[in-house]
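Step one of this worksheet: look at the structure below.
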């Protein structure tokens with residue numbers, strides 16, 4: 001594969017397809033959004049009119065958020081073409097990257113990939129946006145499984161940086177490398193993961209969201225208080241330190257002891273992972289031992305800590321939550337809570 005990527009196709013005109021189209025159009029690329037559903041002429045016109053309104057609303061939102069100006073919004077929308085099933089086939093010949101974004105139904109996926117396979121260019125990468133099916137399942141629907149990857153975007157796709165990329169054993173290395181480079185080129189942050197249900201973020205967030213719902217059910221706190229705790233504690237902290245990095249920051253033994261206590265009271269879902277126990281037994285508790293899930297032996301620990309704390313303070317300022325130093329007189333003016 002060679003030459004700059006100028007034109008991509010999105011097969012499926014739903015909410016995810018819209019977001020991906022906006023992301024690439026904002027990065028200066030031409031995007032063909034293909035509606036795979038056969039429709040009568042008036043129904044097709046009405047559908048595309050509604051889709052254009054949705055795209056315009058999103059473009060206006062980007063203007064209101066001061067990410068683009070009104071002229072750029074017009075340019076953004078002009079880069080997106082809406083194509084019927086009949087128009088879509090010829091358009092695929094000029095695309096080296098095709099995203100499948102049809103509903104999460106096996107038959108719909110099978111039909112979409114059969115259609116893409118018939119029309120796509122010989123050197124094209126085919127990326128599914130599925131959050132349900134494994135790339136190993138979908139690759140079997142293509143005549144050339146080596147060109148197939150999963151590219152799971154987070155909603156809203158045109159704003160969220162992360163794209164989780166999953167490959168099968170058959171996926172060509174050049175396909176993976178070009179997709180990762182393309183996503184990086186448009187400002188996304190791709191992460192590579194193996195083919196497993198839930199990818200990374202959906203698997204983590206399903207556990208956390210269900211636990212939050214259980215806490216409401218059990219009367220631990222109201223939904224409002226739980227969400228406030230997430231926004232001002234959990235979310236802020238983990239926007240700076242990754243989950244595994246945070247284990248190392250505090251110490252794997254701390255997680256082990258906390259997990260043992262919680263599992264005794266709340267059930268086996270809180271038991272520590274075997275890797276946490278192995279690290280603890282081997283003296284790999286994180287920063288203080290120089291190794292944990294990460295290796296810190298060549299790291300300037302003081303500089304590392306300062307950098308992470310500086311990032312946290314920056315986010316605290318952005319949220320209006322940074323601690324403020326009060327002068328002696330200001331402190332005396334505050335009422336005492338006895």
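In the stretch 238-250, the residue that is nearest to residue 292 (Cα to Cα) out of those that are in contact (Cβ under 8 Å) with a residue 24 or more places away in the chain and exposed (fewer than 14 other Cβ atoms within 10 Å of the Cβ) is 243. Count of the stretch 285-305 residues, restricted to those that are within 22 Å of residue 257 (Cβ to Cβ) and touching a helix residue (DSSP H, G or I) at 6+ places or on another chain (Cβ under 7 Å), is 7.
Select from the stretch 217-226 the residues that are more than 15 Å from residue 262 (Cβ to Cβ) and exposed (fewer than 14 other Cβ atoms within 10 Å of the Cβ) and list them in ascending order. If the condition is that a residue be more than 15 Å from residue 262 (Cβ to Cβ) and exposed (fewer than 14 other Cβ atoms within 10 Å of the Cβ), then 217, 219, 222, 223, 224, 225 are the ones that fit. Restricting 208, 176 to those that are assigned to a helix (DSSP H, G or I), modelled with pLDDT of 95 or more and not assigned by TED's automatic domain parsing to the domain that holds residue 125 reduces the list to 208. Return a yes/no flag: does the stretch 169-179 have any residue that is out of contact with any strand residue (DSSP E or B) (no Cβ under 7 Å at 6 or more places or on another chain), in contact (Cβ under 8 Å) with a residue 40 or more places away in the chain and exposed (fewer than 12 other Cβ atoms within 10 Å of the Cβ). No: zero hits. Tell me which residues, restricted to the stretch 135-145, are crowded, with 17+ Cβ neighbours inside 10 Å and in contact with a helix residue (DSSP H, G or I) (Cβ under 8 Å, 6 or more places away or on another chain). Listed by number, the residues that qualify are 138, 139, 141, 142, 145.
The values are calculated or read from the model by the stated rules, or taken from the named source; none is laboratory data. These numbers come from a predicted model, not from an experiment. Glycine also receives a Cβ, built like all others from the backbone with ideal geometry; neighbour counts cover every protein chain displayed.
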